[in-house]
1. Within the range 30-76, can you find the residues that are within 17 Å of S281 (Cα to Cα), aliphatic (A, V, I, L, M) and surrounded by 19 or more Cβ atoms within 10 Å (Cβ to Cβ)?
2. Condition first: crowded, with 24+ Cβ neighbours inside 10 Å and closer than 19 Å to S94 by Cβ. Now tell me which residues in the range 124-161 satisfy that.
3. Only one of these is in a strand (DSSP E or B) and either of a type outside the set (S, T, N, Q) or in contact with a His (Cβ under 8 Å, 6 or more places away or on another chain) (or both): L182, L191. Name it.
4. Taking the condition of being in contact with a Cys (Cβ under 8 Å, 6 or more places away or on another chain) and touching a residue at least 60 places away in the same chain (Cβ under 8 Å), how many residues in the range 73-91 meet it?
Amino acid sequence: MVPKKSEKRFVIYVKEGNYSENIILDKSKWNVMIYGDGKDKSIVSGNLNFIDGTPTFATATFAAVGKGFIAKYMRFENTAGAAKHQAVAFRSGSDMSVFYQCSFDAFQDTLYAHSNRQFYRECDITGTIDFIFGNAAVVFQACKIQPRQPMSNQFNTITAQGKKDPNQNTGISIQKCSISALNTLTAPTYLGRPWKAYSTTIVMQSNIGSFLNPKGWTEWVTGVDPPSTIFYAEFQNTGPGATLDQRVKWAGFMTNITEDEAAKFTVGTFIQGTSWLSESSVTFDASL
């Protein structure tokens with residue numbers, strides 16, 4: 001039994017195996033850590049999905065809400081498939097949550113970085129539409145992000161950031177990651193689309209594969225430019241998909257930000273990680 005509001009770390013070891021269940025660690029479950037035998041060995045698998053009647057928020061195979069959650073060497077998947085639309089593998093609303101060498105595998109809406117400060121290091125994230133989404137303050141570092149082939153009439157968007165209040169310190173920061181196609185990918189694929197009026201997303205110091213549509217980003221409503229209040233940026237990326245000359249020409253999309261501006265989205269500044277990440281004994285780069 002997981003204790004409530006524990007100030008001490010409560011550790012759960014998940015032995016190699018495939019566990020078919022849906023798990024929620026509610027907001028009273030503080031400082032829970034689960035660790036497995038490897039991101040291809042200890043698997044939590046579910047298939048709840050929107051088409052069969054479950055609201056997106058509730059489709060998560062595993063959800064962590066209480067502060068201080070840590071997962072290491074685990075795989076979380078939602079096997080509903082592309083035809084079932086929204087089907088979340090993992091949802092985190094846990095402040096100061098940490099994910100290290102984990103795998104998140106689904107199609108649409110794989111990883112719901114819902115709220116609060118989150119850090120993902122050396123994780124694999126696979127999906128199709130909006131497969132990293134939510135309104136957390138989140139940094140992905142040294143992760144492998146892999147869009148996969150969706151249904152024949154669909155396009156892929158890696159991110160859909162949900163900031164709707166300019167006073168929120170939220171956004172998606174993808175730093176020093178590898179962004180590449182999973183297997184054969186022919187569908188149009190973009191780094192993201194702005195979900196809300198103040199959506200904030202930066203991709204920096206990452207390697208982007210040739211699969212990416214040269215526009216880079218796409219609209220939430222086809223043919224309608226997003227409001228100028230969004231903040232989208234690319235900074236010091238490499239690889240064949242990092243060429244900027246055909247990118248979207250939105251007022252809120254920046255290709256020439258300074259190092260100082262990019263530094264606002266680092267672990268040290270954006271999620272204040274230097275004050276709490278060391279306790280998790282996970283490697284991290286605090287700055288650019």
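Every number in this text was worked out from the coordinates using simple rules, so none of it is lab data. Keep in mind that what you see is a predicted model, and the values were worked out from it rather than measured. Neighbour counts run over all protein chains shown; Cβ positions are idealised from the backbone, glycine included.
1. Scanning the range 30-76 gives V32, I34, I70, A71, M74.
2. Matches in the range 124-161: I125, I132, F133, G134, N135, A136, V138, V139, F140, C143, Q161.
3. Every option except L191 fails the conditions.
4. Selection size over the range 73-91: 1.
One line per residue, one yes/no per condition, for (1) over 21 Å from Q168 (Cβ atoms); (2) of a type in the set (S, T, N, Q); (3) touching a residue at least 12 places away in the same chain (Cβ under 8 Å):
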position: F235; (1), (2), (3): yes, no, yes
position: T243; (1), (2), (3): yes, yes, yes
position: G252; (1), (2), (3): no, no, yes
position: E259; (1), (2), (3): yes, no, yes
